[in-house]
2 protein chains.
Amino acid sequence: MTQKKPTLVSLAESIGVSRQTVSNVLNAPQRVKPATRERVLKAVQESGYRPSAAARQLRTRRSMDLGLRLTPVTDGINGAVQDRFLHALTEAAQDAGYRLTLYSARDDEEEIRHIDELLHVADLDGFVLTGTHAGDPRTAWLQEHAVPFAAFGRPWSRTADPFESAHPWVDIDGAAGTESATGFLLEQGHRRIGFLGWRPDEGLGDDRRAGWRRAMEAAGSCGSLNELSAATDDDVAAGASAVDGLLARGVTALVCASDSLALGAFAQLRAVLPPEVEPAVVGFDDTPVAAAVGLSSVAPPVADAARRIIAVLSHVLAGRPAGEGPHRHQVLKPSLVVRKPYALGRTVPRRQGG
Amino acid sequence: MTQKKPTLVSLAESIGVSRQTVSNVLNAPQRVKPATRERVLKAVQESGYRPSAAARQLRTRRSMDLGLRLTPVTDGINGAVQDRFLHALTEAAQDAGYRLTLYSARDDEEEIRHIDELLHVADLDGFVLTGTHAGDPRTAWLQEHAVPFAAFGRPWSRTADPFESAHPWVDIDGAAGTESATGFLLEQGHRRIGFLGWRPDEGLGDDRRAGWRRAMEAAGSCGSLNELSAATDDDVAAGASAVDGLLARGVTALVCASDSLALGAFAQLRAVLPPEVEPAVVGFDDTPVAAAVGLSSVAPPVADAARRIIAVLSHVLAGRPAGEGPHRHQVLKPSLVVRKPYALGRTVPRRQGG
DNA sequence: CACCACAGTATGAACGTTCAAATGGGGTGT
DNA sequence: ACACCCCATTTGAACGTTCATACTGTGGTG
């Protein structure tokens, strides 16, 4: 039979001090005389005392708990990014003494309702936002209600400078990624390199297209770049069907905004090109599918991003000034992973940037 | 300026009743006279009152919070299963009024330490275990400490009947999956169908091998089946390198214990077989990689499993008798998804069983 | 020697909820 | 008329912590 859980009071009277002294030993050790501190600490160890999160939360209104929305797995291919991010975030939060609570929402409004709910009933200390986009209602709401949060993704906007934003964020430098991918294809001797991306979004997609454009212009390819660029939905089929048009315009290699698109394009090229010509396609996100098929891809450092997000957020939550501590706005350089098509299990990682 | 959060007391005196009456309206409406009930409910709506989880938890010692371990993404291919499971679990828990807290652990012992910790400090109500295996120390520990939990995966054991186990669990019928995969290949005219799996584990892997064996024996292939079966590590490279040996023994088609193995085998067959022969390989788990490459695969109903796990667990947590409510031990039939290799975007799903 | 500052420790109150028991106001039965 | 019971509602206490404040003894200072 296991004995009852010790509390501050029960523990205190078993040592012969007051509950507040025990509390101080754990929360503000410098206030307690070293001799008694030792004595109390020993008792804490032996009894296996654990403070009650509920009681502490009731009094302090802090839960040491962070919220994260789990977005529905749309594609399954790009979903792997979320998986890696989530795992790193869990570990980082755990190491920083925070717990992580999940919620699921279909759209931004539903997410806001969930945040509101969790804030009121569970006193969550902060939130991690993912998938930020232009005109994001969530950041506005959170700021208006003075809720601490950090975003994975910069605050996309045509007018405002993201580096001036009030809230902390960490993002991947998509432009740098596509730029180095384009650079890699240029090195291989390609000149007419196309870009296969999404429709204009004033955000993620435009950023990735911009990197390709920058590299192409730097290489002196000042012709009309627009005709080398295609914009479609983000799935495998769309990637495949966009290929023919680009080929007709003389494209010999492709940089893609996602692995889904890259995979579609790759398969289509395989079907269309003569067998001896190996399709030159670079994807984005370095998902398991890219690895399995032997597709080169831009690898975003999501685990690193997760750790930095927790670092910034816990800095804010600790009430420390924005001046010191980790930078409030961070852009991380992705690396390029070069593979030989179908060379299963024989990946040749190659770091660029970072 | 947002006004202060209403509490039971503040709300009660604004209506002119006692706090307990308000509490009863929310928790035991039948105790309150309909007239006052209406009055209170109206006030609750208008004020936007939300009960404090911390206070409730402190008093009742229930947190309405469930714990789940997030296992490190090993493969990236099979990790997608975890992703789908997690998402369905989050939604199901949310719908049932529970929150979901994540923790990360490297092995079973570390998980037990985390559970112990969360149990004491955060009063978690229950846990969801995944990846059960023979001699699992976690189930023993949880039972010993009378902690409510449900497992995704049956309690593998040579001696004990899983259907007699004390704790609830939901599992996928792996044997039925490989059996129908084998049946499919038999229909296609194959006779010497090999099985590519893991080393004996008295669990998941043996189960999947058993389904293949059952189908083969039923087809009258009573020769020594052992020589058609290979056991290796669970990754793409291992799958590829196991192929040659099986081919030498006259195997013309393969059922695999995972998509990783299937993918490796598939690529190797492509390299070895003449171009006009299409490799006949069926994987397991129906991961995005299988879909992308056009590999047939056994699809486990993980989302359904997640919902059923929450159903059983919340039934237990509500203190209802084991007799009524959802079955405490459930085995779910997977379905077979048939694809044409490389026919990207042109998937032909085909349901079997279930 | 009375006084004060200060470090160390102890006490009262509060956070917001639910459980257990007490109270009040109709009936209904004898 | 009285005892009785039942329903609806209220009151006291408790869950385990931390904040604010009060107490105690020691050493220094005028």
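The values are calculated or read from the model by the stated rules, or taken from the named source; none is laboratory data. As the structure is a computational prediction, the values presented were derived from the model and not from experiment. So basically every Cβ, Gly included, is an ideal-geometry build from the backbone, and we count neighbours across all protein chains shown. Accessible surface areas use protein heavy atoms only, side chains included; no ligands, DNA or RNA. Shrake-Rupley method; radii C 1.70, N 1.55, O 1.52, S 1.80 Å.
Taking N as the number of residues in the stretch B:1-121, what is its alpha-carbon radius of gyration divided by 2.2 N^0.38 Å? Please list the in-between numbers first.
Values: Rg = 20.3 Å, N = 121, 2.2 N^0.38 = 13.6 Å.
Output field value: 1.49.
Would you rank B:VAL236, B:VAL331 by solvent-accessible area, highest first, keeping every protein chain in place and using a 1.4 Å probe? Can you show the working numbers first?
Details: B:VAL236 25, B:VAL331 55 Å².
Reading off the accessible areas and sorting them downward yields B:VAL331, B:VAL236.
Starting from the eigenvalues of the Cα gyration tensor, five times each then square-rooted, give me the equivalent ellipsoid semi-axes of the stretch A:83-143, largest first, whole Å.
Working: eigenvalues 84, 46, 22 Å².
They are 21, 15, 10 Å, listed from largest to smallest.
Go through the stretch A:231-240 residue by residue and turn each phi into a ³J(HN,Hα) via Karplus (6.51, -1.76, 1.60, θ = phi - 60°); whole Hz please, and just put x for glycine and proline.
Result, rounded to whole Hz: 10, 9, 5, 9, 8, 4, 4, 4, x, 5.
Keeping every protein chain present and rolling a 1.4 Å probe, give me the accessible area per residue for the stretch B:8-52 in Å².
Values: 2860 Å² over 45 residues.
With the other protein chains kept in place, the stretch B:8-52 gives 64 Å² per residue.
Taking every residue in A:181-190, how many Cβ atoms of other protein chains lie within 10 Å of its Cβ, on average? If you can, show how the numbers build up before the last one.
On the way: counts 0, 0, 0, 0, 0, 0, 0, 0, 0, 0.
Rounded to a whole number, the mean comes out at 0.
Compute the signed sum of charges (Lys and Arg +1, Asp and Glu -1) over the other residues within less than 12 Å, Cβ to Cβ, of A:GLY250. List each step's numbers first, then the result.
Numbers: positive: A:ARG191, A:ARG192, A:ARG249; negative: A:GLU227.
Taking every other residue near A:GLY250 into account, the sum is +2.
Got a sec? What order do A:THR60, B:THR287 fall in by accessible area at 1.4 Å, biggest, i.e. largest, first?
Numbers: A:THR60 70, B:THR287 0 Å².
The most accessible residue leads, giving A:THR60, B:THR287.
For A:PHE127, list long-range residues whose amide hydrogen, built 1.01 Å from N in the peptide plane, is under 5 Å from its own amide hydrogen.
Answer set, sorted by chain and number: A:GLY67, A:PHE149, A:ALA150.
What share of Cα pairs, in percent, lie more than 48 angstrom apart in the protein assembly as shown?
25
How much length is gained on full extension from A:ALA219 to A:ALA134, taking 0.36 nm per residue of separation minus their Cα-Cα distance?
Numbers: separation 85, 0.36 × 85 = 30.60 nm, distance 3.05 nm.
Length gained, A:ALA219 through A:ALA134: 27.5 nm.
Determine, for the protein assembly as shown, the count of lysine pairs separated by eight or more sequence positions (or lying on different chains) whose alpha-carbon distance falls under 28 Å.
The result is 9.
Be a star and scan the stretch B:163-205 for residues whose amide nitrogen sits under 18 Å from the point 7 Å along the Cα-to-Cβ vector of B:LEU273.
B:181-197
What is the sum of charges around B:PHE163, taking Lys and Arg as +1, Asp and Glu as -1, for the other residues whose C-beta is under 14 Å from the C-beta of B:PHE163?
Values: positive: B:ARG154, B:ARG328; negative: B:ASP161, B:GLU164, B:ASP171, B:ASP173.
So the surrounding residues net to -2.
Just checking the output field for B:109-119: average partner chain Cβ neighbours within 10 Å of each residue's Cβ?
1
Above 14 Å lies some portion of the pair distances; for the stretch B:121-177, what is it as a whole percent of all C-alpha pairs? Display every interim value, and only then the final one.
Details: 891 of 1596 pairs.
Cα-Cα pairs of the stretch B:121-177 separated by over 14 Å account for 56 percent.
Give a residue-ordered list of calculated ³J(HN,Hα) values for the stretch B:269-278 (Karplus: 6.51 cos²θ - 1.76 cosθ + 1.60, θ = phi - 60°; whole Hz; x for Gly, Pro).
Couplings: 4, 4, 6, 8, 6, x, x, 6, 8, 8 Hz.
Interface B/A, total buried accessible area with a 1.4 Å probe, nearest 100 Å²?
Numbers: alone 18220 and 18240 Å², together 32150 Å².
Answer for the B-A pair: about 4300 Å² buried.
Taking the C-alpha atoms of the stretch A:136-278, how large are the radius of gyration and the largest Cα-Cα span, Dmax, in Å?
In order Rg, Dmax, the Cα atoms of the stretch A:136-278 give 17.6, 60 Å.
In vacuo Debye scattering of the stretch B:75-220, one point per C-alpha: log10 I(q)/I(0) at q = 0.10, 0.13, 0.16, 0.18 Å⁻¹?
-0.45, -0.72, -0.99, -1.16
Just grab the label-to-label distance for A:SER23 and B:ALA303, each label 7 Å out from Cα along the Cβ direction, in nm (one decimal).
The modelled label-to-label distance comes out at 4.8 nm.
Seen from all sides and averaged, what is the projected area of the convex hull of the Cα atoms in the stretch B:8-52, in nm²? Don't skip to the end; give the middle numbers.
Values: hull surface 10.9 nm².
So the Cα hull casts an average projection of 2.7 nm².
Over all directions, the average projected area of the alpha-carbon convex hull for chain A comes to how many nm²? Please list the in-between numbers first.
Numbers: hull surface 92.7 nm².
Seen from a random direction, the Cα hull of chain A projects 23.2 nm² on average.
Taking 0.36 nm per residue of separation and subtracting the Cα-Cα distance, what length does fully extending B:ALA237 through B:GLN188 add?
Numbers: separation 49, 0.36 × 49 = 17.64 nm, distance 2.72 nm.
Here the segment from B:ALA237 to B:GLN188 would lengthen by 14.9 nm.
From Cα pairs below 8 angstrom and at least 6 apart in sequence, can you work out the relative contact order of chain B, rounded to a whole percent? Let's see the in-between values first.
Working: 623 pairs, mean separation 54.3, N = 354.
It comes to 15 percent, rounded to a whole number.
For B:ILE172, tell me the accessible area in Å² from a 1.4 Å probe, rounded to the nearest 10.
20
So what's the gap between the Cα centers of the stretch A:79-115 and the stretch A:209-223, to the nearest angstrom?
36
From other protein chains only, count the Cβ atoms within 10 Å of every residue's Cβ in A:87-93, then give the mean.
Details: counts 8, 3, 3, 6, 6, 1, 3.
The shielding value for this peptide is 4.
Which percent of the accessible area of the protein assembly as shown is formed by carbon and sulfur heavy atoms (probe 1.4 angstrom)?
Numbers: 16530 of 32150 Å².
Ligands and nucleic acids excluded, carbon and sulfur give 51 percent.
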